[in-house]
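Below is one structure, written out as structure tokens, with a few remarks after it.
The values are calculated or read from the model by the stated rules, or taken from the named source; none is laboratory data. Keep in mind that what you see is a predicted model, and the values were worked out from it rather than measured. With ideal geometry, Cβ positions are generated from the backbone for all residues, glycine too; neighbour counts draw on all protein chains shown. Please note that ligands, DNA and RNA were not included when accessible areas were found on the heavy atoms of the full protein model with its side chains. Shrake-Rupley method; radii C 1.70, N 1.55, O 1.52, S 1.80 Å.
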Amino acid sequence: MGKFSHPKILEILERYKDIASLESLKSLAEWDLETYMPENAAEERGKILGRIDVLTQKLFLDPQFKKLVQEEYPDLNIYEKAVLRILRREIKILEKLPPEFIEEFKKTTTEASVVWRKAKQENNFDSFAPYLQKIIDLVRKEADYLGFEDHPYSALIDLYEEGWTVSDFENFFESIKNELKELLNKIKSSSKYTQKIPLEEEKYEKEKMQQLNEYVLKLLNFDEKRLRIDISAHPFETAISLNDVRITTWYHPQDFRRSLSAVIHEFGHALYELNSDPEFSLTPLQGGVSYGVHESQSRFWENIIGRNPAFLNKIYPRAKELLPFLEKYSFDDFVFYFNFIRPDFIRVEADELTYHFHIILRFEIEKKFLEGNLNPHQARDLWQAKMKEYLEIEPPNDTLGILQDIHWSLGYLGYFPTYSLGTFLSAIWKEAIEKDLGKIEDVLKEADGILKIQNWLKEKIHQHGKTYQPKELIKLVSGKEFNPNVFIDYLKTKYERIYF
Ligand code: MG
């Protein structure tokens, strides 16, 4: 017998296939927008996507569908209960947003994302600023529609991380700020601390780098029949459906780690999607349960695996063939290149420690946006000031500063804090894996070590899709509530060994 058998749930799932199909094609159109779409199509694409969002809303709020979802049924199993939990939450959100608002939001953000891309390329914040102001106005409206108790920002945060509020994240960030700052200062006092790493300056051939990325993906058991990789301005992952997941990376003239880390990061997201129980295909249970848990998967692969010397040892011989400059460096140099701490401008390439200051900065700016206390140009000044305060560096231009991320152009305010949450979660998964399989470093030395770790993640986390709420899942897997100290301890142990 399958996971779904209650006749009413089966009826709901049958109807839901219309929604799932629209959402799948919407994801495909969004992927296309970031990869191959001709530039002048942006305005039309925005209108089209806006209409599709409205159609989706109509299907969710269809009175018959709503009634089916909101009724109580006895004797449901956990999967059937999860279907109702997810759909009820979705309906509750969509009921509050007028269709005109949804359309306007999509239209504006689609256009803004195209303007942003150009503004970033040309280091022209002024061209993006009016769009950012429109988006701030829209998300403030959105928060009003959705409703909130303490702060408008909480209304948005809840969209990305169910049950989390602005004060939850304030407490989380306050509890880690000093620990991180102390560790950073300590590392800066080490004789091994350096601002410059020669490997960052080494130029590479794009074709060779593509080959290395393909090699690494193969090592990670990349399923090319279900997953493809392309190039975009900002790396991302998206699931079109259970057997069609897309990732992207980027290429630069030098500093090959940027491209490679993006591949491993997005692969981590993809694996979560690909490992959903096949029975969940086109149901509300398919895919990752929250943004934080999703990011815990990408950060796990990027950091815990991708920066591990035992993993780097597996790719080193092939890297030397494709990147001839590596001949000049030792394996220790190679490992250090992936594992050094240094405050820098770009969030996605930040080291494991300073990364969180990038998030805290964005969190603090977003909070002010939602309060209506900050316009785009003030935000740029605040960005510069906070970079100085937290990391003691100042971006020389906006491309390396406030224009670096795509999120605000898409109206994704409330998203960034889940990145830190996910990273902290990844250390909790590491701890749980090590309890079952032994030290990650040792597991990676085994021939099938990567597969063992993947099977563990599949069994404990991935296959469940959205069955369990994030907090339930954390408890189920680790036996404990979310605890930021696990990650702080991981950082201290790791980097004190590297630097002292
Ligand atoms: Mg990510």
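Within region 36-56, is there a residue that is closer than 20 Å to Lys466 by Cβ, modelled with pLDDT of 95 or more and crowded, with 17+ Cβ neighbours inside 10 Å? So far as region 36-56 goes, yes, one or more of its residues are closer than 20 Å to Lys466 by Cβ, modelled with pLDDT of 95 or more and crowded, with 17+ Cβ neighbours inside 10 Å. None of Gly411, Gly422 is in contact (Cβ under 8 Å) with a residue 40 or more places away in the chain and closer than 16 Å to Leu156 by Cα except Gly411.
Among the listed residues Asp398, Asp405, which satisfies the condition of being within 16 Å of the ligand (Cβ to nearest atom), assigned to a loop (DSSP other than H, G, I, E, B) and over 24 Å from Ile474 (Cβ atoms)?
So the residue among Asp398, Asp405 that is within 16 Å of the ligand (Cβ to nearest atom), assigned to a loop (DSSP other than H, G, I, E, B) and over 24 Å from Ile474 (Cβ atoms) is Asp405.
Being open to solvent by 10 Å² or more (accessible area, probe 1.4 Å), hydrophobic (A, V, I, L, M, F, W, C) and within 16 Å of the ligand (Cβ to nearest atom) is a property that holds for Ile229. Pairing residues of region 439-467 that are under 16 Å from Leu312 (Cβ atoms) with residues that are among the hydrophobic types (A, V, I, L, M, F, W, C) and not in a helix (DSSP H, G or I), at Cβ distances under 8 Å and at least 6 apart in sequence or on separate chains, gives Ile450/Leu220. Can you spot a residue in region 338-355 that is within 14 Å of the ligand (Cβ to nearest atom), among the acidic types (Asp, Glu) and open to solvent by 10 Å² or more (accessible area, probe 1.4 Å)? Yes: region 338-355 contains one or more residues that are within 14 Å of the ligand (Cβ to nearest atom), among the acidic types (Asp, Glu) and open to solvent by 10 Å² or more (accessible area, probe 1.4 Å). Inspection of region 62-74 finds no residue satisfying the criterion of being of a type in the set (A, V, I, L, M) and open to solvent by 70 Å² or more (accessible area, probe 1.4 Å). Among the residues of region 412-426, those that are open to solvent by less than 70 Å² (accessible area, probe 1.4 Å) and either more than 16 Å from the ligand (Cβ to nearest atom) or among the aromatic types (Phe, Trp, Tyr) (or both) comprise Leu413, Tyr415, Phe416, Tyr419, Phe424.
Scan region 258-282 residue by residue and report those that are touching a residue at least 60 places away in the same chain (Cβ under 8 Å) and away from the ligand (no atom under 16 Å from the Cβ). Within region 258-282, Asn275, Ser276, Asp277, Glu279, Phe280, Leu282 qualify.
Checking Lys368, Lys386 one by one, the residue that is in contact (Cβ under 8 Å) with a residue 24 or more places away in the chain, more than 16 Å from the ligand (Cβ to nearest atom) and open to solvent by 20 Å² or more (accessible area, probe 1.4 Å) is Lys386 and no other.
What residue, of Tyr193, Tyr204, Tyr160, Tyr145, is of a type in the set (Phe, Trp, Tyr) and more than 27 Å from Ser261 (Cβ to Cβ)? Spell out the reasoning first.
Numbers: Tyr193 fails: more than 27 Å from Ser261 (Cβ to Cβ); Tyr204 fails: more than 27 Å from Ser261 (Cβ to Cβ); Tyr160 fails: more than 27 Å from Ser261 (Cβ to Cβ).
Result: Tyr145 is the single residue among Tyr193, Tyr204, Tyr160, Tyr145 that is of a type in the set (Phe, Trp, Tyr) and more than 27 Å from Ser261 (Cβ to Cβ).
On inspection, Pro253 does not qualify as within 16 Å of the ligand (Cβ to nearest atom), touching a strand residue (DSSP E or B) at 6+ places or on another chain (Cβ under 9 Å) and open to solvent by 10 Å² or more (accessible area, probe 1.4 Å). In the set (1) in a helix (DSSP H, G or I); (2) among the polar types (S, T, N, Q); (3) within 16 Å of the ligand (Cβ to nearest atom), the condition left unmet by Ser167 is number (3). Anything in region 469-500 that is aromatic (Phe, Trp, Tyr), open to solvent by 10 Å² or more (accessible area, probe 1.4 Å) and within 19 Å of the chain's Cα centre (by Cα)? List them, or say none. Matches in region 469-500: Phe482 only. Of the helices (runs of 4 or more DSSP H) lying entirely inside region 443-500, those carrying at least 3 residues that are closer than 19 Å to His294 by Cβ are 449-460, 470-478.
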